[in-house]
1. Could you please find all residues in segment 169-189 being of a type in the set (Val, Ile, Thr) and more than 21 Å from residue 255 (Cβ to Cβ)?
2. For residue 114, work out the one condition from (1) of a type in the set (Gly, Ala, Ser); (2) free of Cβ contacts under 8 Å to residues at least 60 places away in the same chain; (3) outside any helix (DSSP H, G or I) it doesn't fulfil.
3. Any residue that is among the β-branched types (Val, Ile, Thr), out of contact with any strand residue (DSSP E or B) (no Cβ under 7 Å at 6 or more places or on another chain), crowded, with 22+ Cβ neighbours inside 10 Å and not in a helix (DSSP H, G or I) - is there at least one of those in segment 289-296?
4. Any idea which residue in segment 435-458 is nearest to residue 419 (Cα to Cα), counting only those that are more than 16 Å from the chain's Cα centre (by Cα) and among the hydroxyl-bearing types (Ser, Thr, Tyr)?
5. Quick one: residue 77 ticks every box in (1) modelled with pLDDT under 80; (2) within 29 Å of the chain's Cα centre (by Cα); (3) in a helix (DSSP H, G or I) bar one, so which box is it?
6. Looking at (1) free of Cβ contacts under 8 Å to residues at least 60 places away in the same chain; (2) more than 30 Å from residue 143 (Cα to Cα); (3) in contact with a helix residue (DSSP H, G or I) (Cβ under 8 Å, 6 or more places away or on another chain), find the lone condition where residue 445 falls short.
7. Go through segment 244-259 and give me each residue that's surrounded by fewer than 17 Cβ atoms within 10 Å (Cβ to Cβ) and within 14 Å of residue 121 (Cα to Cα).
8. Regarding segment 347-365, can at least one residue be identified that is modelled with pLDDT under 95, in a helix (DSSP H, G or I), buried (at least 18 other Cβ atoms within 10 Å of the Cβ) and not assigned by TED's automatic domain parsing to the domain that holds residue 527?
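The values are calculated or read from the model by the stated rules, or taken from the named source; none is laboratory data. Given the structure is predicted, the values throughout are model-derived calculations rather than measurements. Every residue, glycine as well, gets a Cβ built from its backbone with ideal geometry; the counts of neighbours run over all protein chains shown.
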Amino acid sequence: MEVTRNTIIKDLIESHPETLAVFKKYNLVIAGGVRGPNEPIAFFAKAHEVDYDTLVKELNEAIEKGGGEHIEIPKLEEDKIYEKFVKTALILTLTVGVTFGAIILSYIAIKLNSNSIYYALIQAHGHAQLFGWVGLCVMGFAFYIIPRVKNTELKHRNLANICYGFILAGIILITLLQSIPLRSIKFLLPVSAILEVIAICIFAFIIFRTIFASKEKVGIFDKFFKAGIVWLLISTFINLGMIFYLYKQATYEIPRAVFSPFVHLYLFGFVFMFVFAINIRTVFAFLDIKPVRERAVNLTFWVLNISVPIYFLAHMFADGSIIALRLTQVIVFPIAFAIISFIYGLRIFERSTRELQDVVMDRSYAKTIRTAYLWLIVTTGILIIIPFLGQGSDVQRQFHGSLNHAATVGFITMMIIGYASKMIPTFKGIDMYSLKLSNTTFILLNTGCFLRVFSQILVGTSGGKPVFYAVMGSSGWFELAALGIFGYNLWKTMNATQEIKGKVAESEKLTEVTKDTKVFDVVDQYPDTLQIFLDFGFSQMANPVMRKTMGRVASIEMATKMHNVDMDKFLSALNDKITAKRQKTF
């Protein structure tokens with residue numbers, strides 16, 4: 001098999017298992033199922049910062065040696081450590097998360113009153129989304145991704161299951177006990193928070209031990225991971241204090257002056273740090289752009305980490321202190337500056353370097369990642385406005401709800417969906433179950449988020465007009481549909497297994513391509529011919545879905561007529577490639 005920039009790693013490993021030793025050397029193949037990822041070599045080399053020419057040279061040397069001498073082939077086993085976390089996160093968000101949120105919004109719309117819902121229910125819904133949906137997704141991906149970006153093994157792997165059990169039990173208990181005021185079992189409230197503290201401490205221990213065990217040089221993203229864990233620990237202990245307050249005061253509602261800034265501490269501290277870390281490490285390859293501007297990214301790190309605790313404390317005491325109130329109006333500017341600085345440093349909206357222009361792969365995830373940053377810009381704009389709307393006013397509360405939604409759904413959920421759609425198929429070594437469903441998710445989620453964010457702003461600025469309440473009430477159902485479709489699509493992908501290509505019987509093997517040969521059969525049996533299709537202008541062949549659908553129907557004659565290609569020259573090029581391949585094989 002000729003190694004080219006578009007050679008799929010999984011296909012190469014199937015044809016030449018001796019190349020596993022090369023991939024293992026660069027710690028590449030441990031991501032991507034049991035036979036390697038379903039990605040072109042050129043992309044994979046850039047994503048893992050490996051010199052492409054050196055990698056291909058070593059692969060060709062391994063292929064040439066073949067069975068001539070004994071080569072130890074590493075045994076690969078699919079790593080599914082992230083699955084239980086991601087699947088549970090999906091279940092939680094599709095029940096007490098987005099579904100519950102959609103019901104709450106509809107009730108508010110019917111009542112035309114944002115205060116018509118018992119605030120403890122909103123807090124329970126928020127906890128399920130923060131620790132359940134977002135927290136479990138981040139934890140699951142962290143267990144899988146961090147060892148790979150740090151080129152090491154996950155330390156204390158057996159503790160991951162204990163961490164999962166404790167955090168799940170804690171989330172379920174807090175969500176139920178705060179929603180359903182049953183005094184007979186109220187003693188379980190502090191128990192639930194303690195379970196979450198234990199789980200997060202175990203998570204932090206595993207990740208810190210893994211990072212510090214790595215012999216890789218410290219990357220610019222490392223400090224973002226470390227800071228994210230510290231903020232998660234701080235947030236978890238603050239949550240412990242809030243839950244003990246509920247138990248001691250015999251109430252079920254956490255004071256808004258504490259709960260609201262706590263949410264932002266969790267988001268701006270823990271979640272943003274982790275998302276930014278992953279983005280720094282991967283976006284340049286995913287979007288084929290230049291590496292990050294390190295100075296701007298470092299500036300974001302320090303400004304954001306200094307500003308977040310000030311923001312939290314200022315908002316806690318804003319109702320009783322004029323100094324704290326004025327500080328809430330000032331501190332939003334350095335936070336906004338830090339976010340804009342990061343977007344500039346990440347180069348997220350810059351043109352492609354075109355370094356991977358010739359690489360054939362699905363890039364549908366790119367629009368989701370970029371759109372997430374558009375929502376982050378919207379979040380930043382709202383953040384700057386809020387402190388000047390009148391402390392405790394209804395307009396400010398509406399803008400605050402809009403801010404939370406733009407951050408959690410527009411930025412964070414959009415980012416989770418974008419990365420899951422790219423990385424889980426890579427983890428599995430297969431394609432996403434359905435690209436069509438991915439596009440539907442993208443449209444529905446953006447529709448719902450747009451309706452919610454801007455209708456809630458209009459509810460506040462219009463004095464609560466019914467039409468804006470109605471729009472806000474409908475928005476949650478768009479998002480529920482989007483996440484339901486995404487959940488189904490991702491679940492099917494996680495449950496899929498790699499298809500092992502069986503050898504085509506020699507009697508069925510193509511020995512010559514004719515005008516009646518189906519396009520799919522040519523590329524399926526001889527993957528190296530894909531480059532010839534691309535060289536002759538068949539750009540649709542870059543899409544794996546088109547190859548598997550239209551390719552099964554279209555003959556060579558039909559394809560050449562559609563693209564105005566000289567059929568004789570095309571057939572000659574294909575047959576020369578096939579002949580060379582068969583001669584090399586025998």
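1. 171, 172, 185
2. (2)
3. Looking through segment 289-296, at least one residue is among the β-branched types (Val, Ile, Thr), out of contact with any strand residue (DSSP E or B) (no Cβ under 7 Å at 6 or more places or on another chain), crowded, with 22+ Cβ neighbours inside 10 Å and not in a helix (DSSP H, G or I).
4. 440
5. The single condition residue 77 does not satisfy is (3).
6. Residue 445 satisfies all of (1) free of Cβ contacts under 8 Å to residues at least 60 places away in the same chain; (2) more than 30 Å from residue 143 (Cα to Cα); (3) in contact with a helix residue (DSSP H, G or I) (Cβ under 8 Å, 6 or more places away or on another chain) except (2).
7. Those that are surrounded by fewer than 17 Cβ atoms within 10 Å (Cβ to Cβ) and within 14 Å of residue 121 (Cα to Cα): 251, 253, 255, 256.
8. Looking through segment 347-365, at least one residue is modelled with pLDDT under 95, in a helix (DSSP H, G or I), buried (at least 18 other Cβ atoms within 10 Å of the Cβ) and not assigned by TED's automatic domain parsing to the domain that holds residue 527.
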